[in-house]
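**Q** Please find one structure pasted underneath; my questions will follow.
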Amino acid sequence: MSSIREMPDAAPAGSAPYDLLVVGGGINGCGIARDAAGRGARVLLVEQHDLASHTSSASTKLIHGGLRYLEYYEFRLVREALIERERLLRIAPHIIWPMRFVLPHSKLVRPAWLLRAGLFLYDHLCPRMSLPKTRALNFRKDPTGRPLKDDYTRGFAYSDGWVQDSRLVALNAMDAAAHGAEIRTRTKLVNAKRRADIWEATIENSDTGSTRTVRAKAIVNAAGPWVAELLQDKVHVVSRNKVRLVKGSHIVVPKMFEGTQAYILQNPDKRIVFAIPYEGRFTLIGTTDVAWEQDAGHVEISPEEVTYLCDSVNRYFKSAITADDVVWTYAGVRPLYDDNSGSASAVTRDYVLDVDASAAPILSVFGGKITTFRKLAEHALEKLAPHLPVLNKPEWTADKPLPGGDFDGRQFKALVDRLQNHAPHLDPRTTYRLARNYGTRAFDIATKTIEEMGEDFGAGLKQREVDYLIDNEWARSAEDILWRRSKLGLFVSKEDATRIQDYIARRNVPSLSAQTKQDLEWRQNVA
């Protein structure tokens with residue numbers, strides 16, 4: 001297995017500047033770093049916490065065009081997202097796969113003809129769509145109607161995609177590193193001084209407090225919820241664009257229905273809520289749209305949001321849920337481009353790329369959604385290319401598989417069978433999980449004998465996998481491993497989580513700062 005090399009805190013005197021300093025280890029930052037490094041640029045990415053530790057791990061985990069955005073006439077965004085859905089299904093078939101969505105018709109919200117027209121448009125905005133198209137459902141006959149109340153007699157089924165969101169971020173970072181990018185987590189930008197053709201930036205290791213001065217020809221501000229703060233306080237650049245923070249919260253409850261389909265539920269307020277099969281034993285329900293003006297780093301669901309989500313599914317499903325059924329919640333802040341819309345739900349999910357090239361250039365990312373990250377990265381480099389000739393290379397990410405994704409998604413079962421034959425001691429659930437998380441890279445983890453897998457940390461997580469995540473995916477804590485690189489936090493006890501953290505310490509992974517430990521404790525209490 002390859003491993004991540006720890007980089008020195010101080011750059012050698014007179015060393016060549018980076019072409020790009022990317023600030024932010026979410027999906028947009030890692031996507032841009034990957035694309036730029038693959039074109040030959042010298043890239044440094046810094047992330048103040050862990051990869052995908054905020055917005056990018058708090059999504060509804062869908063690769064979709066955004067059916068409801070058609071109501072706001074966002075046809076370009078929906079078309080781009082649907083085209084990207086097809087590409088992402090090809091380049092990351094292990095962590096992204098098709099899912100059917102059942103849309104019950106409610107007489108209280110939108111008429112059936114409007115739903116049918118919107119779904120027809122949704123199917124045809126994407127050229128060469130590979131997924132099954134929309135079909136009408138009679139819930140008296142179709143098994144997908146069994147969990148629903150008798151009031152709902154008809155509806156529609158359409159296709160979209162599911163993604164392991166935080167793993168998508170990690171895989172982009174891995175591929176960026178494979179192309180020469182330097183990825184530094186737990187590292188924040190302290191400040192940056194702008195010259196005519198160079199940035200001089202001070203970055204700080206959040207755990208050790210050590211600082212390093214680096215030079216870069218351009219900065220990419222992909223700081224998500226902190227994009228405006230970085231411009232104002234760290235680099236002192238005035239922007240005409242603004243960010244609008246909107247909190248989205250989710251709940252997880254025990255499995256509510258059988259089958260692999262998800263449900264998209266219309267509410268009287270015209271918002272929609274998804275109910276999605278989750279990790280085999282649960283149902284994921286979300287999301288909300290609530291304006292957020294507090295600390296973007298500490299976000300949690302409110303009791304009112306829990307009630308809203310429970311009411312949303314209880315309106316449709318025979319089996320009612322309450323707050324007492326909730327086994328886990330998560331919430332994140334979406335940094336949307338402020339288009340002056342009245343309600344949080346109506347704010348555009350499109351992105352705006354703002355370039356200031358009055359001196360050394362800086363590009364800031366406002367808005368965006370996980371589905372369009374790859375195209376956003378291409379557009380970002382297109383805007384920077386006039387100032388950075390190294391970026392004037394052909395686009396390359398549309399067809400290049402992400403790590404572990406070098407197989408035909410239609411052959412996933414064959415991959416699982418091959419992995420099971422390779423490591424027959426694994427139980428089927430663990431074999432499936434490894435294939436889903438790592439694709440062909442699972443063979444770097446699974447060994448022929450159980451003894452080689454090392455210590456057992458519970459729920460099928462073994463020392464060999466923990467080592468892989470430390471050495472290849474920048475995992476530094478039990479929380480990184482259990483809640484972002486996997487979702488085993490739902491299955492592992494607190495005692496096992498402590499054993500994982502102790503093992504990481506024994507591995508001599510750099511110790512976490514008091515602030516990082518405090519953040520981890522806060523997140524674990526919320527979980």
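The values are calculated or read from the model by the stated rules, or taken from the named source; none is laboratory data. From a predicted model like this one, the values you see are computed outputs, not experimental measurements. Glycine gets a Cβ as well: all are built from the backbone with ideal geometry, and neighbour counts include every protein chain shown. These area figures cover heavy atoms from the full protein model, side chains too; ligands, DNA and RNA do not enter into them. Shrake-Rupley method; radii C 1.70, N 1.55, O 1.52, S 1.80 Å.
**Q** Does Thr430 qualify as being β-branched (Val, Ile, Thr), part of a helix (DSSP H, G or I), touching a His at 6+ places or on another chain (Cβ under 8 Å) and modelled with pLDDT of 95 or more?
**A** no
**Q** Could you pull out the residue among Gly209, Gly180 that is at positive phi and modelled with pLDDT under 95?
**A** Selected residue: Gly209, the only one of Gly209, Gly180 that is at positive phi and modelled with pLDDT under 95.
**Q** Provide a single number: the residues in the stretch 273-299 that are more than 19 Å from Leu490 (Cβ to Cβ) and surrounded by 16 or more Cβ atoms within 10 Å (Cβ to Cβ).
**A** Counting residues in the stretch 273-299 that are more than 19 Å from Leu490 (Cβ to Cβ) and surrounded by 16 or more Cβ atoms within 10 Å (Cβ to Cβ) gives 7.
**Q** Restricted to the stretch 497-514, and to residues that are in a helix (DSSP H, G or I) and touching a Leu at 6+ places or on another chain (Cβ under 8 Å), which residue is most open to solvent (accessible area, probe 1.4 Å)?
**A** Ala497
**Q** Follow-up question, since we're still on this one. Pull up the stretch 468-495, narrow it to residues that are part of a helix (DSSP H, G or I) and open to solvent by 30 Å² or more (accessible area, probe 1.4 Å), then point me to the one that is farthest from His94 (Cα to Cα).
**A** Only one residue fits best here, namely Glu495.
**Q** How about the stretch 109-133: which of its residues are in contact with a strand residue (DSSP E or B) (Cβ under 6 Å, 6 or more places away or on another chain) and surrounded by fewer than 18 Cβ atoms within 10 Å (Cβ to Cβ)?
**A** The answer is Val109, Leu131, Pro132.
**Q** Take the residues of the stretch 433-460 that are assigned to a loop (DSSP other than H, G, I, E, B) and among the polar types (S, T, N, Q): which is least open to solvent (accessible area, probe 1.4 Å)?
**A** Thr447
**Q** Shifting gears a bit: With respect to Thr260, determine if the residue is open to solvent by 70 Å² or more (accessible area, probe 1.4 Å), in contact with a helix residue (DSSP H, G or I) (Cβ under 8 Å, 6 or more places away or on another chain) and either in a helix (DSSP H, G or I) or over 22 Å from Phe366 (Cβ atoms) (or both).
**A** When the stated conditions are applied, Thr260 does not pass them.
**Q** In the stretch 132-156, how many are closer than 25 Å to Leu77 by Cα and assigned to a loop (DSSP other than H, G, I, E, B)?
**A** Qualifying residue count for the region: 3.
**Q** Now for a separate question. Considering Ile219, Ile203, Ile198, which residue is over 19 Å from the mean Cα position of the chain (by Cα), β-branched (Val, Ile, Thr) and surrounded by fewer than 21 Cβ atoms within 10 Å (Cβ to Cβ)?
**A** Only one candidate passes the filter, namely Ile198.
**Q** Just one of the numbered conditions (1) outside any loop (DSSP other than H, G, I, E, B); (2) under 30 Å from Gly26 (Cα atoms) is not true of Met129; which one?
**A** Failed condition: (1).
**Q** Within the stretch 300-401, considering only strands (runs of 3 or more DSSP E) that don't extend past its boundaries, which have at least 3 residues that are open to solvent by less than 20 Å² (accessible area, probe 1.4 Å) and touching a residue at least 40 places away in the same chain (Cβ under 8 Å)?
**A** 328-337, 362-367
**Q** Is at least one residue of the stretch 168-183 over 30 Å from Trp97 (Cβ atoms), in contact with a Phe, Trp or Tyr (Cβ under 6 Å, 6 or more places away or on another chain) and surrounded by fewer than 18 Cβ atoms within 10 Å (Cβ to Cβ)?
**A** no
**Q** Does any residue of the stretch 42-50 turn out to be open to solvent by 40 Å² or more (accessible area, probe 1.4 Å), in a loop (DSSP other than H, G, I, E, B) and touching a Phe, Trp or Tyr at 6+ places or on another chain (Cβ under 7 Å)?
**A** yes
**Q** Which ones in the stretch 74-95 are surrounded by fewer than 19 Cβ atoms within 10 Å (Cβ to Cβ) and not hydrophobic (A, V, I, L, M, F, W, C)?
**A** Those that are surrounded by fewer than 19 Cβ atoms within 10 Å (Cβ to Cβ) and not hydrophobic (A, V, I, L, M, F, W, C): Glu74, Arg76, Arg79, Glu86, Arg87, Arg90.
**Q** Which one of the conditions (1) farther than 27 Å from Arg90 by Cα; (2) touching a residue at least 40 places away in the same chain (Cβ under 8 Å); (3) not hydroxyl-bearing (Ser, Thr, Tyr) does Leu461 fail to meet, given that it meets all the rest?
**A** Only one criterion in (1) farther than 27 Å from Arg90 by Cα; (2) touching a residue at least 40 places away in the same chain (Cβ under 8 Å); (3) not hydroxyl-bearing (Ser, Thr, Tyr) is unmet by Leu461, namely (2).
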